[in-house]
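Inspection log for the structure reproduced underneath, given as structure tokens.
The values are calculated or read from the model by the stated rules, or taken from the named source; none is laboratory data. Keep in mind that what you see is a predicted model, and the values were worked out from it rather than measured. Here the Cβ positions follow ideal geometry from the backbone for every residue, glycine too, while neighbour counts run over all protein chains shown.
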Amino acid sequence: MTFEKIVILTPVYNDWPSFKNLLSGIDHTLHTGNPELVATVVAIDDGSTQREYLSESWPTFSNIQRVEIMDLARNLGHQKAIAIGLAYVKDNYSSPVVVMDCDGEDRPVDILELLKKLQENPEKIIFAERSRRSEGFLFIVFYALYRLLFQILTGRNISFGNFSALPWSALKRVVYLPEIWNHFAAGVVHSGLPMSTIPSIRGKRYKGKSQMNFVKLITHGMSAISVYLDVVAIRLILFSISVIILTVIGFVITVFIRFVTPFAIPGWATTVALGLVVVLFQSVFFLASFSFLVLSFRSNKAFIPAKDYKDYIIDILTEYPK
């Protein structure tokens, strides 16, 4: 299978200088690596407050045939912006889609590797998995902790982000996944759709500093975990039940030692019993809370990007060609 056209989807929030550098990088990559391949770039303007860069003149591209700016009504965050963008592409195009960030950390040169892997696996979603990271030490440590916590709570492992290539057959299914509204990659993994990965190196930002700070990393991690909310809740319910059983066993052992054996220390049994009662009540409280959480989660109306995405779009602007 040889691709003639692709759509490249990227969310942008006030980072228009980097977006212009990205366009140049994409055009150069396609022109030198696959001159026959043409691309339409759809940028999701995620409620930017700075848009003066769009008034500047655009260079002439060789392989980028169209640049569209999707103007969202408000800032929603990268994950929701990507979900809206994918639903828009599904309704207006019929080509494979590459999802990437605009800041340069997703390298345009890896687009060709993603497409090559997609040609070999035309029914799979291909993600770029970081083989080497370039962030600071603390960021790497907390990112590793996030991955560990994610694996403990969900039983799954996720080592990639948004950078990916989707075949048209998979895109038609992905946009009906409510989970991608919170986290695109975790939503795809949770869906069980066929997927594969390629190794990639994190690129250097075109301009400025990374917007992913400690708080945003925690928010991003919680969004990924929320995709598995039902799984997490069930695991925590089972954990609470285990604690309750162990607490009851401990209480029985305490009573046995106090009244049957000569090993009890004065006041020891009372202290231990009170501690066990506190743990028991806390476990019962958590058990009830998580049970209601699961019931509430299943009764809420899900946001389906394919059906609801238009509510957030103000306009679609064609920036290139004018």
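Each row is one residue, and each column tells you yes or no for (1) under 20 Å from residue 183 (Cα atoms); (2) modelled with pLDDT under 95; (3) of a type in the set (D, E, K, R).
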| position | (1), (2), (3) |
| --- | --- |
| 47 | yes, yes, no |
| 75 | yes, yes, no |
| 85 | yes, no, no |
| 94 | no, yes, no |
| 97 | yes, no, no |
| 103 | yes, yes, yes |
For this session: Could you figure out which of (1) modelled with pLDDT of 80 or more; (2) surrounded by 15 or more Cβ atoms within 10 Å (Cβ to Cβ); (3) within 30 Å of residue 190 (Cβ to Cβ) isn't true of residue 250?
Result: (3)
Exercise. Which fully enclosed strands (runs of 3 or more DSSP E) of the stretch 83-192 have 3 or more residues being β-branched (Val, Ile, Thr)?
Worked result: 97-99
For this session: Can you confirm whether the stretch 15-30 contains a residue that is under 24 Å from residue 176 (Cβ atoms), free of Cβ contacts under 8 Å to residues at least 40 places away in the same chain and surrounded by fewer than 20 Cβ atoms within 10 Å (Cβ to Cβ)?
Result: no
Problem set entry | In the stretch 71-86, the residues that are hydrophobic (A, V, I, L, M, F, W, C) and surrounded by 24 or more Cβ atoms within 10 Å (Cβ to Cβ) | 81, 82, 83, 84, 86
Problem set entry | Members of the stretch 103-126 found to be of a type outside the set (Val, Ile, Thr), out of contact with any Lys or Arg (no Cβ under 9 Å at 6 or more places or on another chain) and buried (at least 19 other Cβ atoms within 10 Å of the Cβ), listed by number | 108, 110, 114, 115
Exercise. Here are 187, 203, 221, 208: which of them is in the same structural domain as residue 127 (by TED's automatic domain parsing), at pLDDT below 80 and either surrounded by 14 or more Cβ atoms within 10 Å (Cβ to Cβ) or among the β-branched types (Val, Ile, Thr) (or both)?
Worked result: 221
For this session: Kindly check whether there is at least one residue in the stretch 27-43 that is touching a Lys or Arg at 6+ places or on another chain (Cβ under 9 Å), under 20 Å from residue 203 (Cα atoms) and in a helix (DSSP H, G or I).
Result: yes
